[in-house]
Amino acid sequence: MAANENVFIPLNIAVLTVSDTRTLAEDKSGQYLADSLTEAGHSLAERRLTTDCVYQIRAAASQWIADPTIHAIITTGGTGFYSRDNIPEALTPLFDKPVQGFGEMFRALSQAEIGMATLQSRAVAGMANSTVIFCLPGSTGACRTGWEGIIKLQLDNRTRPCNFVAHLMRVNPGHQA
């Protein structure tokens, strides 16, 4: 094991809340994610709120995907089945590669908390331009489940046997912590 494998590499992470009803001041889920990622040692690159409009979601995410200083994006909201829940439709076309197991693992973890209601979560993740994007439901509980159970570990370079940090650093030399 190389000596530097034990040194934490902080990432720049953007948080996007998708809601037609909340304001940024009322956004407990986005605030939870912002607080949690900074407590873990990462930097909050930016935090925004947008309505559940496919094109506004894509515009915000595309700006961050194109920014070589942003390593990860976490979204909250817009993953359900209501007509205005558009995160998967907005962001999956931007993915270079989907992270197939993310939604599966999120639903497996949340099943213990909310039972079969987890079937109504369309949580997704993918890679785009060396940026990993995790799309979580809008509840603070769901954000906690996704962060604590999956994302926090996968954005920590010390997680073995693998994590996403190596992919965020090596594919695009412009992406540096």
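Quick note: the coordinates plus some simple rules give every number you see, no bench work behind them. Everything numeric in this text was worked out from a predicted model, so none of it was measured. Here the Cβ positions follow ideal geometry from the backbone for every residue, glycine too, while neighbour counts run over all protein chains shown.
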Task: the chain: calculated mean residue ellipticity at 222 nm from DSSP helix runs of at least 4, using -39500 (n - 2.57) - done: -9500 deg cm²/dmol
- [ ] In debye, nearest 20, what is the charge dipole magnitude of region 10-170 about its Cα centre with +1 on Lys and Arg Cβ and -1 on Asp and Glu Cβ, if you could check?
- [x] 280
TODO: Apply 1/(1 + (r/R0)^6) to the Cβ-Cβ distance of THR38 and ALA117, taking R0 = 41 Å, and write down the FRET efficiency to the nearest 0.05.
DONE: 0.85
Open item on the list: Per 0.36 nm of contour for each residue apart, how much would the distance between ARG160 and ARG144 grow if the chain were fully extended, relative to their Cα-Cα spacing?
Closed with: 3.6 nm
Open item on the list: I need the peptides 95-103, 13-21 ranked by packing, meaning the mean over residues of other C-beta atoms within 10 angstrom, with the highest value on top.
Closed with: 13-21, 95-103
Task: Per DSSP, loop chymotrypsin sites (Phe, Trp or Tyr not before Pro) in region 1-62 with at most 16 further Cβ within 10 Å - done: PHE8
TODO: Would you mind calculating the relative contact order of the chain from Cα pairs under 8 angstrom and at least 6 residues apart, reporting the percent as a whole number?
DONE: 25
- [ ] Can you figure out the FRET efficiency of THR92 with ALA25, using R₀ = 45 Å and their beta-carbon distance, to the nearest 0.05?
- [x] 0.90
Task: 3J(HN,Hα) from dihedral phi, region 34-50, Karplus parametrisation 6.51/-1.76/1.60, rounded to Hz, x for glycine, proline - done: 4, 5, 5, 5, 6, 4, 7, x, 8, 10, 7, 6, 6, 9, 9, 10, 9
